[in-house]
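Below is one structure, written out as structure tokens; comments come after it.
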Amino acid sequence: MEDLKSKIDLKKLPKHIAVIMDGNGRWAKKHGQPRVFGHRNGVQSVREATEAAAELGVEYMTLYAFSTENWGRPKAEVNALMTLLVQTIRKEIATMNKNNIRLTAIGDLKQLPSKSYKALLEGIENTKNNTRMTLVLALNYSAKWEILNAVKSLATEAVEGKIKPEEITEATFDDALSTKGIPHPELLIRTSGEQRISNFLLWQIAYAELAFLPIYWPEFRKQNLYQAILDYQNRERRFGKTSDQIIGSE
Ligand code: IPE
Ligand code: IPE
Ligand code: MG
């Protein structure tokens with residue numbers, strides 16, 4: 001395990017890693033347990049991913065914890081997830097402070113149950129001065145919702161005469177998103193073997209490297225992150241150019 005970690009080129013770390021934490025339900029089923037058992041066990045994986053990223057020097061990590069579409073799940077599961085969120089944030093604040101990790105969140109947060117929203121705001125407030133890594137929780141998040149919001153706010157500014165339509169650039173659009181100020185993820189990891197994006201960070205992952213891991217989220221450990229980063233570092237990011245151009249510019 002240490003060996004895998006030592007192979008990582010710390011000068012070529014992704015600044016931002018985004019993770020679609022998927023497969024809790026299937027993992028629970030495999031163990032003959034209810035779905036909630038999988039969600040509970042997924043918390044340890046959150047700890048491992050966060051700690052491993054922070055120890056390496058990754059600056060941002062975004063975890064997809066609850067999508068807007070997830071409201072469509074059975075009420076008992078939604079309630080269990082919301083309760084787990086409150087419990088986990090309250091329990092982890094001390095560790096986040098010890099590890100100098102700042103918590104923040106993206107998504108339509110005000111629509112969360114008030115207890116969850118309150119716990120989230122407390123977590124954000126209590127860790128706001130930490131500087132080693134920013135942990136972004138995507139909660140009640142939908143990329144299409146986020147993009148529409150950005151479009152609406154820019155359109156409003158245009159109608160009010162604050163900006164001209166031709167002044168809208170990728171940079172102004174970035175600033176209208178809830179990820180304002182956060183660099184785009186270079187690496188997106190999804191567990192569970194599913195190979196789709198499920199309405200996550202659509203604009204921001206335009207050029208991200210995608211890693212689909214054949215393990216369920218509760219099985220995710222530090223070495224899975226190390227391996228994903230190593231694979232990322234072995235890829236050639238061409239951004240539309242040719243391989244010769246990339247090698248020539250190194
Ligand atoms: C991911 O695991 C957790 C959330 C979406 C909240 P799932 O609950 O989606 O697990 P599977 O995909 O059904 O196995
Ligand atoms: C995506 O997982 C959302 C989160 C991980 C929070 P889902 O399990 O909800 O995605 P789909 O429905 O299989 O695409
Ligand atoms: Mg799933």
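Looking at region 86-99, can you tell me whether even one residue there is among the acidic types (Asp, Glu), in contact (Cβ under 8 Å) with a residue 40 or more places away in the chain and within 16 Å of ligand 3 (Cβ to nearest atom)? So that I can check it myself, show each step before the final result.
Residues of region 86-99 among the acidic types (Asp, Glu): 92.
Next cut, in contact (Cβ under 8 Å) with a residue 40 or more places away in the chain only: 92.
Then keep just the ones that are within 16 Å of ligand 3 (Cβ to nearest atom); that gives none.
No, region 86-99 has no match at all.
Could you go through region 183-192 and let me know if any residue there is touching a helix residue (DSSP H, G or I) at 6+ places or on another chain (Cβ under 9 Å), buried (at least 16 other Cβ atoms within 10 Å of the Cβ) and at positive phi. Don't jump to the end; show me each part of the working.
Residues of region 183-192 touching a helix residue (DSSP H, G or I) at 6+ places or on another chain (Cβ under 9 Å): 184, 186-187, 189, 191-192.
This time we only want the ones that are buried (at least 16 other Cβ atoms within 10 Å of the Cβ), so: 184, 186-187, 189, 191-192.
Add one more test, that the residue is at positive phi, and what stays is 192.
So far as region 183-192 goes, yes, one or more of its residues are touching a helix residue (DSSP H, G or I) at 6+ places or on another chain (Cβ under 9 Å), buried (at least 16 other Cβ atoms within 10 Å of the Cβ) and at positive phi.
Which residue pairs have Cβ atoms under 6 Å apart, sit 6 or more places apart or on different chains, and have a first residue in region 16-31 that is of a type in the set (A, V, I, L, M, F, W, C) and at pLDDT 95 or above and a second that is within 9 Å of ligand 1 (Cβ to nearest atom) and not in a helix (DSSP H, G or I)?
Ile20/Tyr64; Trp27/Tyr216
Taking region 5-39, which residues are within 11 Å of ligand 1 (Cβ to nearest atom), under 24 Å from Ala53 (Cα atoms) and out of contact with any Ser or Thr (no Cβ under 9 Å at 6 or more places or on another chain)?
Matches in region 5-39: Gly38, His39.
Against the definition (more than 11 Å from ligand 1 (Cβ to nearest atom) and crowded, with 18+ Cβ neighbours inside 10 Å), how does Tyr64 come out, yes or no?
On the way: more than 11 Å from ligand 1 (Cβ to nearest atom): no; crowded, with 18+ Cβ neighbours inside 10 Å: yes.
Criteria not met by Tyr64.
Can you go through Ala52, Ala138 and tell me which one is modelled with pLDDT of 95 or more and within 16 Å of ligand 1 (Cβ to nearest atom)?
Working: Ala52 fails: within 16 Å of ligand 1 (Cβ to nearest atom).
Answer to the selection: Ala138.
For Asn234, only one of the following conditions fails: (1) touching an Asp or Glu at 6+ places or on another chain (Cβ under 8 Å); (2) without any contact (Cβ under 8 Å) to a residue 24 or more places away in the chain; (3) not basic (Lys, Arg). What is its number?
(1)
The values are calculated or read from the model by the stated rules, or taken from the named source; none is laboratory data. Every value quoted in this text rests on a predicted model; they were computed, and no experiment measured them. Quick reminder, even Gly has a Cβ in these numbers, built from the backbone with ideal geometry, and neighbours come from all protein chains shown.
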